[in-house]
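The values are calculated or read from the model by the stated rules, or taken from the named source; none is laboratory data. For clarity, every value in this text was computed on a predicted model and none was experimentally measured. FYI the Cβ positions are ideal-geometry reconstructions off the backbone, even for glycines, and counts take in every protein chain you see. Just the protein is used for accessible areas: all its heavy atoms, side chains included, with ligands, DNA and RNA removed. Shrake-Rupley method; radii C 1.70, N 1.55, O 1.52, S 1.80 Å.
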Amino acid sequence: MNKETWRSLQSHGVTEQTDLRLDFSYVAPNESSANKLREIIQDQTDYAVEVQAEGALFRRTWIVVGSTQPTKVSPAVLDQWVDWMVTAGLHQGCEFDGWGTELPT
């Protein structure tokens with residue numbers, strides 16, 4: 001998906017010199033796993049990250065959401081970053097749900 005997303009970003013004027021803030025999310029199996037993942041990301045990065053609960057108490061879903069600092073990216077950087085994000089989540093039993101960004105104005 002990174003290649004397709006990069007092409008789409010380029011069609012909107014994004015280059016490897018454009019600063020982007022990458023937003024990301026994970027689905028966690030429980031609150032404990034979500035909090036552990038949040039702690040790992042906070043300890044190893046400068047990202048804003050938080051745990052959120054969605055749904056009713058008996059059908060609660062835990063998600064971890066956050067954003068990077070504005071940074072320059074390229075297809076290679078995105079691939080490396082996604083690999084790290086997926087791996088960080090897997091170690092806590094959390095599924096990387098994807099990333100997105102807001103186009104610069």
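Data for the structure
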item: Listed values [x] 18.5, 66; [y] 14.5, 46; [z] 14.8, 50, entry calculated as Rg and Dmax of the Cα atoms in Å; result: [y]
item: Unit charges at the beta carbon, dipole of the chain: most positive-side option, Q42, W81, W99; result: W99
item: Sites excluded, trypsin sites (Lys or Arg not before Pro) in DSSP loops with at most 15 other C-beta within 10 Å, longest stretch of the chain; result: 61-105
item: Heavy-atom accessible area per residue - the chain, 1.4 Å, Å²; result: 62 Å²
item: Longest DSSP-loop-exposure-free segment, GluC sites (Glu not before Pro), the chain, at most 15 other Cβ within 10 Å; result: 17-101
item: Computed [θ] at 222 nm, helices only, for the chain once each DSSP H run of length n ≥ 4 contributes -39500 (n - 2.57); result: -12000 deg cm²/dmol
item: Charge context of P75, other residues only, Cβ under 11 angstrom, K/R +1, D/E -1; result: -1
item: Charge dipole (debye, nearest 20) of the chain; +1 at Cβ of Lys and Arg, -1 at Cβ of Asp and Glu; result: 160 debye
item: Rounded percent of accessible protein surface that carbon and sulfur make up, the chain, 1.4 Å probe; result: 47 percent
